[in-house]
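Heads up: the structure comes next, in structure tokens.
Please treat every number below as a calculation from the coordinates, not as lab data. Nothing here was measured: the structure is a model prediction, and the numbers come from that model. Reconstructed Cβ throughout: ideal geometry from the backbone, glycine too, with neighbour counts over all protein chains shown.
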Number of protein chains: 2
Amino acid sequence: MSSGGSDSGDFGVRAGEVTVELPAQPDAGLYFIGRLRTPWTTRAQCPKNGRDSDAVCTVELDPPFRPALEGLEGTTHLWLLYWMDHAPRNLVVQVPRQYGRGRGTFALRSPARPNAIALSAVEVLGIGEGTLSVRGLDCLDGTPLLDIKPYFASTDCYPTAVVGWHRSKTE
Amino acid sequence: MSSGGSDSGDFGVRAGEVTVELPAQPDAGLYFIGRLRTPWTTRAQCPKNGRDSDAVCTVELDPPFRPALEGLEGTTHLWLLYWMDHAPRNLVVQVPRQYGRGRGTFALRSPARPNAIALSAVEVLGIGEGTLSVRGLDCLDGTPLLDIKPYFASTDCYPTAVVGWHRSKTE
């Protein structure tokens, strides 16, 4: 484990950040099953989170996986899991620019994490031939898709959930 | 693509199910960052979903990733992402035993999917030295952990979300 200092700016690690050496070999493999089409081609253009934007985005599934959309009619919300292929994976403590202090990776929704899987709940606007129109994404155009799951309010919705550091920031 | 028939029982594919040939090589690699400790050692013992059980389970992080828990104090709910290492990955249409008809994999929360990533919202009961006590899991003891994310009600909670086939089943 090593800590970022003022001399580590070349490596993109900020003061207060902590990195780890990742395992030499992966334990399991992922298949990219499609792509997310969004209006954003640079990170600066992306909304801070998907609920900040009304943009209609498109999920494009690769042909072999299109039959797996069967039975989605009448479903209003989905989870999309996708791969943050530009994010570093070795940060365990990071300093988000907007907060200015170090926090553990597992206390953050930052794309930088050991397994760079992002998770967004999206509203379903339409179902096409191997495509979905959705609202609620925040990622770069061309982001690789990993999975689609139905959103069950009975197991996925916790309206009173609190994120400790976020509450104290806004009080 | 091939469809399961009465002669395919040896391969665990039921009548009405559809499989695909998976890519020869993965597109990205996952690291197992810890294990989930639960009371269940066979699939039959596992609760149908995590909210059906009061069992207290333990998240055990591997040592390099423990500093990433910093800043979780006061956080009430987390997402756990974990790897369903016993599930087949080639089913695009499947027939869940309890429903008896074929549905697309992306309309289901079944562990069988191209990328066998499971997603559970859990209640945080305690934070230890590289461990978390949680309630709301439904998986086998020893399941590999992939990620931990804070649950933000502002982006993750959709109380009115509807799963089409599930609504018509219960009406």
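For this structure, a couple of remarks:
- In terms of overall dimensions, the stretch B:29-152 has a Cα radius of gyration and Dmax of 15.0, 46 angstrom.
- Remark: the stretch A:27-94 projects, on average over all directions, an area of 7.1 nm² (convex hull of Cα atoms).
- With contacts taken as Cα pairs under 8 Å and at least 6 residues apart, the stretch A:73-171 reaches a relative contact order of 35 percent.
- Nearest beta-carbon to the A/B symmetry axis - residue in chain A, distance in Å: A:Cys157, 2
- Cα-based convex hull volume of the stretch A:65-135 per residue, rounded to whole Å³: 119
- Relative contact order, whole percent, for chain B stands at 31, derived from Cα pairs under 8 Å and 6 or more residues apart.
- Using a Förster distance of 25 Å, the FRET efficiency for B:Arg167-A:Asp62 (Cβ separation, nearest 0.05): 0.30
- Inter-copy separations for A:Gly164, label at 7 Å along Cα-Cβ, nm, ascending: 4.3
- Span from the the stretch B:112-128 Cα centroid across to the the stretch B:82-108 one, whole angstrom: 18
- Note on the stretch A:130-157 and the stretch B:138-170: Cα centroid distance 12 Å, given to the nearest whole angstrom.
- Size descriptor, Kirkwood hydrodynamic radius, that averages inverse alpha-carbon separations across the protein assembly as shown, Å: 20.8
- Taken over the stretch A:91-168, the alpha-carbon convex hull comes to 142 cubic angstrom per residue.
- With R₀ set to 25 Å, the beta-carbon distance separating A:Gln98 from A:Thr41 gives a calculated FRET efficiency near 0.70.
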